[in-house]
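The values are calculated or read from the model by the stated rules, or taken from the named source; none is laboratory data. Every value quoted in this text rests on a predicted model; they were computed, and no experiment measured them.
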Amino acid sequence: MRRSVPLRWSAPLALALALACSPSEPDNHQRDANAPARVDLTDYELACEVDDDCALVKPDVCSHCGCASEPISQHELARFQHERDAVVCPEHNPDKEIVCGSCPGFRARCQQRRCAAEMY
């Protein structure tokens, strides 16, 4: 004897099964259209005492070309790396077709107790 689900339960049961079988984690390979393709450095600390207190980073994560030329305090480096790793770049990136030139030499410097990038 085959048992069937009463018709009035069909829709709620289907919804419950769909929700139960849906992934609870978002798909990290889908890019949020509102997500930035760069790390915003505006509120990063720049204070320093010596040159070694500073680091250079490349906030334009999805850009194929570019150099680490933006200064931040060394103690902000882990935060930057975490935010950089959270950026999901679009699958099709026209920048990948560009042949990039070499990066000019930059070094992180502490100038007047504030991190700066110096070209050499």
Of everything in the stretch 71-120, what is modelled with pLDDT under 95, under 18 Å from the mean Cα position of the chain (by Cα) and β-branched (V, I, T)? Give them in sequence order. V87, V88
Is it the case that the stretch 51-59 has a residue that's closer than 18 Å to H82 by Cα, basic (K, R) and at pLDDT 90 or above? yes
